[in-house]
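For reference, the structure discussed in these notes is given below.
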Amino acid sequence: MWTLTAADGELLIRTGVAGRAARMGHNLTIAMTRWEATVAWRDAEPVTAELTVEVDSLEVLRGEGGVKGLTGPEKALVKSNALKSLGANRYPEIRFAADDVDKTTRGYRLAGKLHIRGKSRRHVIDLRTEDLGDAWRMSAESGVRQTDFGVKPYSLLMGSLKVADEVKVSFTALRAKGDGGKSPGDSRGLP
């Protein structure tokens, strides 16, 4: 079993802006600072993977675009609004559980259920793996539509400025070889 946490990589969310007044808003980069990923292995291949994210670990890193820069108090307001939209008090975790893991030419295709705000939907993620010699680098990017999970994107000015429905989630992590677990790929260590 492999276990990865925020100490091994990063989990970022990038939002866009929609509506008639979109140019006034910020495209946000948000870090999820508390998460854990586990991978179960059979022989030299992963068979299941699970990612659990603590919703209240959301941290607004930066906002790009907009009329003016995003200030500290505005970042705090963005966080507060996001936690309300996600129902963090009632739904403290986001979870992805892949029960179908298939090898691809660049890594693995993970298919399973994504659980957000009490709703579950089938989701597929293409995870890229790269052999760095002494470590494995893993990375993925996936789009998630908030409304598919009952999340109402935050809006201002009677809806003329709002967070775009689809957000991009990116994941990167490093796993040192010989870290008490398996290596991706066959017995020669090929991903």
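The values are calculated or read from the model by the stated rules, or taken from the named source; none is laboratory data. Since the model is a prediction, treat every value here as computed from it, not as a measurement. For neighbour counting, all protein chains shown are included, and Cβ atoms are generated from backbone atoms with ideal geometry for every residue, glycine included. The area values use the complete protein model at the heavy-atom level, side chains included, leaving out ligands, DNA and RNA. Shrake-Rupley method; radii C 1.70, N 1.55, O 1.52, S 1.80 Å.
Per-structure values
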quantity: Residue among Thr3, Thr52, Thr29, Thr48 that is touching a Ser or Thr at 6+ places or on another chain (Cβ under 6 Å) and touching a residue at least 24 places away in the same chain (Cβ under 8 Å); calculated: Thr3
quantity: Evaluation of Leu132 against (1) under 22 Å from Ala98 (Cα atoms); (2) at pLDDT 90 or above (one fails), failing number; calculated: (1)
quantity: Hits in the stretch 141-157 (condition: on the phi > 0 side of the Ramachandran plot and either of a type in the set (A, V, I, L, M) or at pLDDT 95 or above (or both)); calculated: Leu157
quantity: Test for Thr172: is it polar (S, T, N, Q), assigned to a strand (DSSP E or B), touching a strand residue (DSSP E or B) at 6+ places or on another chain (Cβ under 9 Å) and closer than 22 Å to Val47 by Cβ; calculated: no
quantity: Residue among Asp56, Asp100, Asp148 that alone is touching a Gly at 6+ places or on another chain (Cβ under 7 Å) and farther than 18 Å from Leu4 by Cβ; calculated: Asp100
quantity: Residue match in the stretch 127-142 (condition: assigned to a loop (DSSP other than H, G, I, E, B) and farther than 25 Å from Met1 by Cβ); calculated: no
quantity: Tabulated pairs, the stretch 158-182, first more than 19 Å from Thr15 (Cα to Cα), second at pLDDT below 80, C-beta under 9 angstrom, 6+ apart or interchain; calculated: Arg175/Gly181; Arg175/Ser183; Arg175/Pro184; Lys177/Ser183; Lys177/Gly189
quantity: Any hit, the stretch 91-107, residues being on the phi > 0 side of the Ramachandran plot and part of a strand (DSSP E or B); calculated: yes
quantity: Cβ-Cβ under 9 Å pairs, at least 6 apart or on other chains, the stretch 111-140 side on the phi > 0 side of the Ramachandran plot and open to solvent by 70 Å² or more (accessible area, probe 1.4 Å), far side at pLDDT 95 or above and part of a strand (DSSP E or B); calculated: Arg117/Ile94
quantity: Matching option when the condition is modelled with pLDDT under 95, open to solvent by less than 40 Å² (accessible area, probe 1.4 Å) and on the phi > 0 side of the Ramachandran plot, among Gly66, Gly16, Gly25; calculated: Gly66
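To keep it simple, each residue is scored yes or no on (1) under 18 Å from the mean Cα position of the chain (by Cα); (2) open to solvent by 30 Å² or more (accessible area, probe 1.4 Å); (3) at pLDDT below 95.
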{"position": "Leu70", "(1), (2), (3)": "no, yes, yes"}
{"position": "Pro73", "(1), (2), (3)": "no, yes, yes"}
{"position": "Lys79", "(1), (2), (3)": "yes, yes, yes"}
{"position": "Ala82", "(1), (2), (3)": "yes, no, yes"}
{"position": "Ser85", "(1), (2), (3)": "yes, no, yes"}
{"position": "Pro92", "(1), (2), (3)": "yes, yes, no"}
{"position": "Phe96", "(1), (2), (3)": "yes, no, no"}
